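Novice: One structure is given below, represented as structure tokens, and several questions about it will come after.
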Amino acid sequence: MRDRYFPYALLVPAFVIVLATTIYPLAYSFITSFREWDLTRQRRPSDFVGFGNYQHAITEAAFQSSLWVTIIFVFTSVLLTLVLAILLSLLLRRQGPLHTFTRIILILPFAMSPALIGVSYRFMFNPEFGVIAVGLGSIFPTLKGIPWLANPNLAMAILVLTDVWHWTPYMTFMCLGGLASIPRETEEAAKIDGASSFRVMWEIVLPQMKGVILITAILKTIFALKMFDQVVTLTGGGPGISTETLAYFVFKVGFKWFDMGYASALAWVLTLIMIFISFWYVRILLNENRAIIK
Amino acid sequence: MKKKLIWAAEHALLVVVSFMIIFPIFWMFLTSLKRPIDAYSITFNFQPTFENFITVFRDPWNLGSMVLNSALVAGITVMIAVPCSSLAAYSFSRFRVKGRKILFFLVLSTQFIPAVVIVLPFFLMFRSLGLLDTRIALIIVNLAIVTPFVIWMIKGFIDALPVDSEEAAMIDGASRLRVIRDIVLPMATPGILTSSIFCFILTWNEFLFSLILTRRNAVTLPVGLVNFRTERGDLWELMSAAGVLITVPIFLMAILIQKHFTRGMTAGAIK
Amino acid sequence: MTEVQLVDVEKRYGSFVALQKQSLTIQQGEFLVLLGPSGCGKTTTMRMIAGLEEVTSGKILIANELVNDKPPKDRDIAMVFQNYGLYPHMSVAQNIEYPLKLRGMDKATRNKRVLEIAIKVELESLLKRRPSQLSGGQRQRVALARAIVRTPKIFLMDEPLSNLDAKLRVTMRAELKHLHHELGVTTVYVTHDQMEAMTLASRIAVMREGRIVQLDTPKNIYSKPDNLFVAGFIGSPSMNLIEGDVRSGFFRATAVKIPVQFQDATSVVLGVRPEDLKIVSKNSAPITASVYAIELTGESTLVTMKHEATSICVRESADYEARINDVCHIAARTTGKLHLFDKSTGQRISTCSVKPTKC
């Protein structure tokens, strides 16, 4: 029966692409991660060195630092984005001309190239002629002349800011979608039962958004772990290595030091973290789906 | 009284939010119109000039070839990814085939693999194949990022289409392929178009691949930005002009699909 | 002549059984209605005939030809969907034309045929419109037109009237009936609306939990329900069902004592339709209960009475008057029917006409 193979036939082209462009490279780098391969010295990879590269990673201070930087970045950026997105979605749920306008321009930060965002913020926080740096300095004299990007903590804060600016819109759209799927009746019933607006939000609306918020949080975590462009264009990992995330560290080891074996091992550490989180994510997603179907 | 206060607070917040969204973009546009002298001061009072937009196309910046690279890489990526993904999305959406869950899980997971992980082996492969600094190399790696995402997104759109019309067509005498051509494609066009634009934006803005895999010939716009960081310091007015050139086409597209876009990405994630 | 034959057809989704090994023969020209509550397998049965679902086991024959492995397009059927299944991106004319186009008919003949059909279903003024510009009733007509534009072996209709408002539904029902008479094409019709089933069908297959529980003419389904499910499902308000025993020529339950011609039996259920009962003044009447609710339907009055847990509905004339909590006496009408069912199996064991009893 020809029909039986039809659904599979449709999948073939896409799966050829996925296999060739992700599964194969992953396997390739997995093998490389057990070899020594310094491109500056070797044309071909050496024999297998077992877990050498992984051991190297665990003991290296720069790796530990990048892991720590990643954790701080992911945590603050996810938390801020999520809170802002929830608040903004509640604000934008109502109808009105200004609401519509805000919803339309909300797409702009998301459509903007992250590399460009990094460049723009670097410009705006320039202590001499950056509009934000100078503007803040003239409002709060204590902040005058602060070298924002030369201070490790401030540089990190600005890095988080660019990411929040970039991702809050997307997450707001997701929350708006979640809000739209809540039946209006539950809120109306609560209001008639005598609940205040605040209590309706807290006790009726937010609990029903739980699923969406969870999905948004995990998705944002994944995006934050992947964040790379702004590190290059905003801070360059600096000052020192204070804003070097894991993704940037992999890049540095691979394409500045050309230590391919070590870089592959680091890449796999990052991948394992991702697989773990995305597995969690997909499971929730599938469960949510089931809940919606039934 | 209380109602008015809430109204005022709400609108004040919206104004603040809108300002925070628009200001960085506005500042970039403004800077792109300034002469170098004005770019290094925070003035609104300056003689606007389009000089920067001409300069960036001249030697040594040659933004023209980068525009071409970006457009070609993004365009061809879309033309390969979207048809293949549409077929797969249709299959995932409509058929309960064996192993479907595992396959879909695979697709969903691959989009979470960091780009830096994928580019590492590709760099080694392209190096031995002599494909470094070519558009083909960029298209191949971009497909890795974009394909799973587009499958996911188009599936969301197709899920929302009623299956009745397709069944009606099968009973009316259409073959499976005919159903796709005559019924599914026309109905899914808005969704597919939205996904295509989304895919174009992702590829157009892509930075890491281009940074690693290109040197001179295949450099794309976002990486071109880095060139304006010279020994003489950062050339902000030129960087801003280049930024405007990167941004304007994307903004136009984004606003064009704004309505579907919202639905598309939430449909994919929530449903 | 046999048109459609289902032989031991079974449908499973994993461990869930949607249809349990059923056989069914549909005659040529017949209007067969599959009737049952949601989830009973009626739509699944129809979709398997259409070829939209595969059978798990068993055989489906159309015009004596095995069609199990044939895709829908090769089965020569037409179908009207619950949500019409119109092609939103095509005009009304293109919608109707599409089946003909797929059959490679030339443009001129196609146009002629489309116009003919459009006139028949009164759509000729709307041919250029899109489905989204039509009302529910008009969409329904387009779906119908698309089905009848060619002459298939079988029409399949999946709750085609369920999305229309009550008034339009009655009109369309009559049109469907007329159309079937005119075309004489074998029709399988799925519905959960017993009124549609009764009025349209030549035969009704009442289904429950993946099984056909009775297959008969509407008249017999109504007057001789095979089991408690059919008895309770058909008729509005439904048949009164009273649990009790038969002893020495009387059916007995609390406050109920009705003469029946049946040997003694325990655990039986007496079924009697509201219109087969009447309220009388004699206090020696078989049933005594107090009025619980009175509903005027227009052409009659429904009186619900209660005695302890037993609830009985009687259809009285429109001018009947009573007050809630009045104690009343109920007797069988002379023309009425009593049904006795076995409580454990649910099957009907006897039906007898009520004899004029002096009580």
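Novice: What is the log10 of I(q)/I(0) for region C:2-228, computed with the Debye formula using one identical point scatterer on each Cα and no solvent, at q = 0.15 Å⁻¹?
Specialist: The Debye formula, applied to the Cα set alone, gives -1.01.
Novice: Do any of C:Lys21/C:Lys219; C:Lys120/C:Lys177; C:Lys70/C:Lys112; B:Lys155/C:Lys128; B:Lys101/C:Lys59 go past 21 Å between their Cα atoms, and which?
Specialist: On the way: C:Lys21/C:Lys219 27 Å; C:Lys120/C:Lys177 14 Å; C:Lys70/C:Lys112 31 Å; B:Lys155/C:Lys128 31 Å; B:Lys101/C:Lys59 30 Å.
Table pairs above 21 Å Cα-Cα are C:Lys21/C:Lys219; C:Lys70/C:Lys112; B:Lys155/C:Lys128; B:Lys101/C:Lys59.
Novice: Apply the Karplus curve 6.51 cos²θ - 1.76 cosθ + 1.60, θ = phi - 60°, to the phi angles in region B:56-64 and return the couplings in whole Hz, x for Gly and Pro.
Specialist: Residue by residue, region B:56-64 yields 5, 8, 8, 4, x, 7, 6, 5, x Hz.
Novice: Now a separate question. If you fit an axis through the alpha-carbon atoms of helix C:92-102 and take the longest principal axis of the Cα set of chain C, what angle between them do you get, 0 to 90°, nearest 10?
Specialist: For C:92-102 against chain C, the angle is about 70 degrees.
Novice: Could I ask something else about it? Kindly provide log₁₀ I(q)/I(0) values, in the same order as q = 0.11, 0.12, 0.14 Å⁻¹, from the Debye equation applied to equal alpha-carbon scatterers of region C:279-359.
Specialist: Scattering profile of region C:279-359, log10 relative to I(0): -0.35, -0.41, -0.56.
Novice: Using a probe radius of 1.4 Å on protein heavy atoms only, what is the accessible area buried between chains B and A, both sides summed, to the nearest 100 Å²? Don't skip to the end; give the middle numbers.
Specialist: On the way: alone 16360 and 17700 Å², together 25550 Å².
Approximately 8500 Å², summed over both chains.
Novice: Karplus couplings for region A:170-186 from phi (6.51 cos²θ - 1.76 cosθ + 1.60, θ = phi - 60°), rounded to Hz, Gly and Pro as x?
Specialist: 4, 5, 5, 4, 5, 5, 4, x, x, 4, 5, 8, 7, x, 4, 4, 4
Novice: Along the charge dipole of region A:1-104, pointing to its positive end and built from +1/-1 on Cβ of Lys, Arg, Asp and Glu, which listed residue (A:Ile86, A:Ile58, A:Thr70) has its Cα farthest out?
Specialist: A:Ile86
Novice: Compute the acute angle (0 to 90°) between the alpha-carbon long axis of helix C:166-183 and the principal axis of greatest extent of the alpha-carbon atoms of chain C; round to the nearest 10°.
Specialist: On a 0 to 90 degree scale, this one is about 60.
Novice: State the percentage of accessible surface on chain B attributable to carbon and sulfur atoms; use a 1.4 Å probe and exclude ligands, DNA and RNA. Walk me through the numbers before you get to the answer.
Specialist: Details: 7810 of 11230 Å².
Using a 1.4 Å probe with all protein chains present, chain B comes out at 70 percent carbon and sulfur.
Novice: How large is ³J(HN,Hα), in whole Hz, for each residue of region C:228-238 in order, when computed from phi with the Karplus curve 6.51 cos²θ - 1.76 cosθ + 1.60 and θ = phi - 60°, using x for Gly and Pro?
Specialist: In residue order, the calculated couplings are 4, 5, 5, 4, x, 7, 8, x, 9, x, 6 Hz.
Novice: To continue, here is another question. Can you work out the accessible area per residue across region C:249-359, with the rest of the protein chains kept in place, probe 1.4 Å, in square angstrom?
Specialist: Numbers: 5890 Å² over 111 residues.
Solvent-accessible surface per residue comes out at 53 Å².
Novice: GNM, chain C, Cα, under 10 Å: largest mean-square fluctuation among C:Lys224, C:Lys337, C:Lys282?
Specialist: C:Lys282
Novice: Taking the Cα centre of chain B as origin and charging only Cβ (+1 Lys, Arg; -1 Asp, Glu), how large is the dipole, in debye to the nearest 20? Mind dumping the intermediate values first?
Specialist: Values: 24 positive and 15 negative charges, 135 e Å.
Its charge dipole is roughly 640 debye.
Novice: Still on this model: Between the alpha-carbon centers of region B:34-109 and region C:286-351, tell me the distance in whole angstrom.
Specialist: Result: 75 Å between the Cα centres.
Novice: Per residue, how large is the accessible surface of region A:107-225? Use a 1.4 angstrom probe and give square angstrom.
Specialist: Details: 4860 Å² over 119 residues.
The answer is 41 Å² per residue.
Novice: What is the helix-to-structure angle for B:115-129, meaning the angle in degrees between its Cα long axis and the longest Cα principal axis of chain B, kept from 0 to 90 and rounded to the nearest 10?
Specialist: Helix B:115-129 sits at roughly 90 degrees to that axis.
Novice: Before I look further, what does region B:112-230 give for accessible area per residue, probe 1.4 Å, in whole square angstrom? Show your work: numbers first, answer last.
Specialist: Values: 3420 Å² over 119 residues.
Per residue, region B:112-230 has 29 Å² of solvent-accessible surface.
Novice: Once each part is reduced to its C-alpha centroid, what is the distance from region A:54-81 to region C:206-270 in angstrom?
Specialist: Here the two parts' Cα centres lie 75 Å apart.
Novice: Quick one: pull the percent of accessible area on region C:2-228 belonging to carbon and sulfur, 1.4 Å probe, ligands and nucleic acids left out. Can you show the working numbers first?
Specialist: Details: 4700 of 9670 Å².
Answer for region C:2-228 is 49 percent, counting heavy atoms of protein chains only.
Novice: Tell me the Kirkwood hydrodynamic radius of chain A in angstroms, computed as one over the mean inverse distance between distinct C-alpha pairs. Walk me through the numbers on the way to the answer.
Specialist: Working: mean 1/r = 0.0447 Å⁻¹.
Computed over chain A, the radius equals 22.4 Å.
Novice: Calculate, in whole percent, how much of the Cα-Cα pair population of region C:61-100 lies beyond 16 Å. Numbers along the way, then the final one.
Specialist: Working: 395 of 780 pairs.
Here the long-distance tail beyond 16 Å is 51 percent of all Cα pairs in region C:61-100.
Novice: Enumerate the whole-percent occupancy of each 5 Å bin, from 0 to the last occupied one, for all C-alpha pair distances of region A:215-254.
Specialist: With 5 Å bins starting at 0, P(r) equals 6, 24, 28, 19, 13, 8, 2.
Novice: Can I ask one more? Skipping prolines and chain starts, which residues have an amide H placed within reach, meaning under 5 Å, of the one on B:Leu33, given they are 5 or more residues away or on another chain?
Specialist: Answer set, sorted by chain and number: none.
Novice: Here's something else I'd like to know. Computed from the mean reciprocal separation of all distinct C-alpha pairs, what Kirkwood hydrodynamic radius does region C:219-359 have, in Å? Write out the running numbers ahead of the final one.
Specialist: Details: mean 1/r = 0.0661 Å⁻¹.
After inverting the mean inverse Cα-Cα distance, the result is 15.1 Å.
Novice: Report the far tail of the P(r) of chain B, meaning the percent of Cα-Cα pairs longer than 27 Å.
Specialist: Values: 19518 of 36585 pairs.
Here the long-distance tail beyond 27 Å is 53 percent of all Cα pairs in chain B.
Novice: Moving on to the next point. For region C:1-91, evaluate the Debye formula with one uniform point scatterer on each Cα (no solvent term) and list log10 I(q)/I(0) at q = 0.21, 0.24 Å⁻¹, rounded to two decimals.
Specialist: -1.12, -1.37
Novice: Of B:Ile255, B:Ile140, B:Ile42, which is the most mobile in a GNM of chain B whose springs link Cα atoms less than 10 angstrom apart?
Specialist: Most flexible of the set in this elastic network: B:Ile42.
Novice: Between C:Thr217 and residues 5 or more places away or on another chain, which pairs have amide H atoms under 5 Å apart, with H built 1.01 Å from N, and which residues are they?
Specialist: Under 5 Å from the amide H of C:Thr217: C:Ile204.
Novice: According to the Kirkwood expression over distinct Cα-Cα pairs, how big is the hydrodynamic radius of region A:1-100, in Å? Working shown, then result.
Specialist: On the way: mean 1/r = 0.0515 Å⁻¹.
About 19.4 Å, per the Kirkwood formula over Cα pairs.
Novice: Per residue and in cubic angstrom, what volume does the convex hull of the Cα atoms of the protein assembly as shown have?
Specialist: Numbers: hull volume 228.1 nm³, N = 924.
It is 247 Å³ per residue.
Novice: If you don't mind, there's one more thing I want to ask. Determine the relative contact order of region C:239-353: mean sequence separation of Cα pairs under 8 Å and six or more apart, normalised by residue count, in whole percent. All intermediate terms of the calculation are to be shown ahead of the outcome.
Specialist: Details: 276 pairs, mean separation 31.2, N = 115.
Over region C:239-353, the number comes to 27 percent.
Novice: Still on this structure, I have one more. What is the ratio of the Cα radius of gyration of region B:96-186 to 2.2 N^0.38 Å, with N the residue count, to two decimals?
Specialist: Values: Rg = 18.6 Å, N = 91, 2.2 N^0.38 = 12.2 Å.
Normalised Cα radius of gyration, region B:96-186: 1.52.
Novice: Another question, then. Probe radius 1.4 Å, ligands and nucleic acids ignored: give me the carbon and sulfur share of the accessible area of region A:32-293 as a rounded percent.
Specialist: 67
Novice: Oh, and also: Work out which residues of region A:119-162 lose at minimum 30 square angstrom of accessible surface when the other protein chains are put back, relative to the chain isolated, with a 1.4 angstrom probe, and list them by number.
Specialist: Checking the loss per residue gives A:Val119, A:Arg122, A:Phe123, A:Met124, A:Phe129, A:Val131.
Novice: If you find the alpha carbon centre of region A:164-224 and of region B:187-256, how far apart are they in angstrom?
Specialist: 33
Novice: Take the Cβ-Cβ distance between B:Thr189 and A:Phe101 as r, set R0 to 41 Å, and report the resulting FRET efficiency rounded to the nearest 0.05. Walk me through the intermediate numbers first.
Specialist: Values: r = 28 Å, r/R0 = 0.68.
Given R0 = 41 Å and the Cβ-Cβ separation, E is 0.90.
The values are calculated or read from the model by the stated rules, or taken from the named source; none is laboratory data. It should be emphasised that the depicted structure is a prediction, and the values quoted were computed from it without experimental measurement. All Cβ positions, glycine included, derive from the backbone under ideal geometry; neighbour counts span all protein chains shown. Ligands, DNA and RNA are excluded from the accessible area calculation, which covers all protein heavy atoms including side chains. Shrake-Rupley method; radii C 1.70, N 1.55, O 1.52, S 1.80 Å.
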